[in-house]
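Every read-out reported here was derived from the displayed coordinates using simple, explicitly stated rules and does not represent laboratory data. Remember, predicted model here, so these are calculated numbers, not experimental data. Every residue, glycine as well, gets a Cβ built from its backbone with ideal geometry; the counts of neighbours run over all protein chains shown.
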Amino acid sequence: MAEPTDPQSPLWKRLAWMAAIWLASVAVLGAVAMVIRFWLKV
């Protein structure tokens with residue numbers, strides 16, 4: 001992420017990390033929901 005010499009990373013970089021983490025969590029939750037849905041259907 002940010003180097004220790006950097007007091008603060010740029011705003012766009014922090015927002016990009018937040019968006020990437022949010023997208024990854026939504027994708028994982030969606031995949032888990034689909035697995036549970038298919039599992040309960042059987």
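Worth pointing out:
- Distance in nm between pseudo-label sites at residue 25 and residue 42 (7 Å out along the Cβ direction from Cα): 3.0 nm
- Each residue, residue 13 and residue 33, gets one label point 7 Å from its Cα in the Cβ direction; the gap between the two is 3.3 nm.
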